[in-house]
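Since the structure comes first, as structure tokens, the remarks are kept for the end.
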Amino acid sequence: MARSTPSAPAPGSGQDTRQDVPQGSQAPKPGGGTRTAAGTRIPDKTREAAGAKDAQESGTTPKAERRPGQRGEDSGAAGVPGEQATASYIYGILPGDVELTPEARGVGDPPGEIRLVRHEDIAALISDLRLNRPLGMPQDLVAHQSLLDDVAAEVPVLPLRFGAVMESPEAVVRELLAPHHDEFRSALEDLEDRAQYVVKARYEEGTVLREVLQEQPEARRLREEIRDLPEEATWDARIRLGEVINEAIEAKRAADTQTLAEGLAPHAVAVVIREPTHEVDAAHLAVLVETGRQDDFEEALNEFGRRWADRVTLRLLGPQAPYDFVTTQR
């Protein structure tokens, strides 16, 4: 779904888009993607399917281009007479002036064909979902994320959470698009010329442990106490050493996360601090950036790479759908 072809693969597409950013290396540029403004709220008019697992496999990704002046609604059959064989799975909300390529596929087995349900100048990205198959396989989650990330690299998109299902395309228009048209249109306008990226910083384990031992006398003492002694004889001391190291790394993480967030904030629309995903994470941030200021943002990140060389490895992921800057209103 695109105004241009992305210069880098989107996360979740089955290719690793993470880029090390030490000592002045260049982070990947967006492929014309745009993102949503912080605090945008999406009314939740959908039913969520349970049982989503961590994504392990990738799905087919879409392409599209703007279609000027598009208006009206597209609809499709929701099932057979007397029995609802399919429902409409919803991925996100987009501008109405886009076109999809025929090969785009989404969740389900076999994967559902992606299409748009339009209402005036906005649209919902949907596919038919067979109701006799449980939703929540790893490939479903990957297909959902991959589709949204690729769309977001090309046109504005308001992503819905995994598992958003409505009765039919007509219900999508009637219960989601029409009642919230103005809100969605305003949010999509805020998305123009903005992109979300995720910055991950991870300590070099040997370096951070040396720092802790240098800064924490108790850690040095405990390390000497257990040196050359059998594990069963020093069990309590080993447990306490682990606690001291973990507490020290947590304190370093809090300080370094704040430093990184404050350093990137002047070059971003908004910054969200995420929870760490690894015990030696130094920082985990989602950043909303104006595409016109991408070079400034990259240079600021590269400066941290130079400053933290041999101590922290920085990675930049994206562009992604703006999950961190859209909330759901019930």
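Brief remarks follow.
- 3J(HN,Hα) from dihedral phi, segment 184-191, Karplus parametrisation 6.51/-1.76/1.60, rounded to Hz, x for glycine, proline: 5, 4, 4, 5, 5, 5, 5, 6
- Each part gets one Cα centre, and for segment 111-145 versus segment 292-316 those centres are 36 Å apart.
- Across segment 213-228, computed HN-Hα scalar couplings (Karplus, 6.51 cos²θ - 1.76 cosθ + 1.60, θ = phi - 60°) run 5, 6, 8, 10, x, 5, 5, 5, 4, 5, 5, 5, 5, 9, 4, 6 Hz from first to last residue, x flagging Gly and Pro.
- Applied to segment 287-293, the Karplus parametrisation 6.51 cos²θ - 1.76 cosθ + 1.60 on θ = phi - 60° returns per-residue 3J(HN,Hα) values of 10, 9, 10, 6, 4, x, 10 Hz, with x for Gly and Pro.
- Taking amide H atoms as placed 1.01 Å from N in the peptide plane, the amide H of Ala178 has no partner under 5 Å among residues 5 or more positions away or on other chains.
- Shape of segment 177-223, Cα gyration tensor, a/c cut at 1.5: prolate
- Residue-normalised accessible area of segment 173-227, given per residue in Å² at a 1.4 Å probe: 53 Å²
- Under 5 Å between amide hydrogens, built in the peptide plane, is the criterion, and for Glu120 it picks out Gly72 among residues at least 5 positions away or on other chains.
- Theoretical FRET efficiency, 1/(1+(r/R0)^6), r = Cβ-Cβ of Trp235 and Thr277, R0 30 Å, to 0.05: 0.55
The values are calculated or read from the model by the stated rules, or taken from the named source; none is laboratory data. Nothing here was measured: the structure is a model prediction, and the numbers come from that model. Don't worry about glycine lacking a Cβ; one is built from the backbone with ideal geometry, like all the others, and counts go over all protein chains shown. For the accessible areas, the whole protein counts, side chains as well, though only heavy atoms, and no ligand, DNA or RNA atoms are used. Shrake-Rupley method; radii C 1.70, N 1.55, O 1.52, S 1.80 Å.
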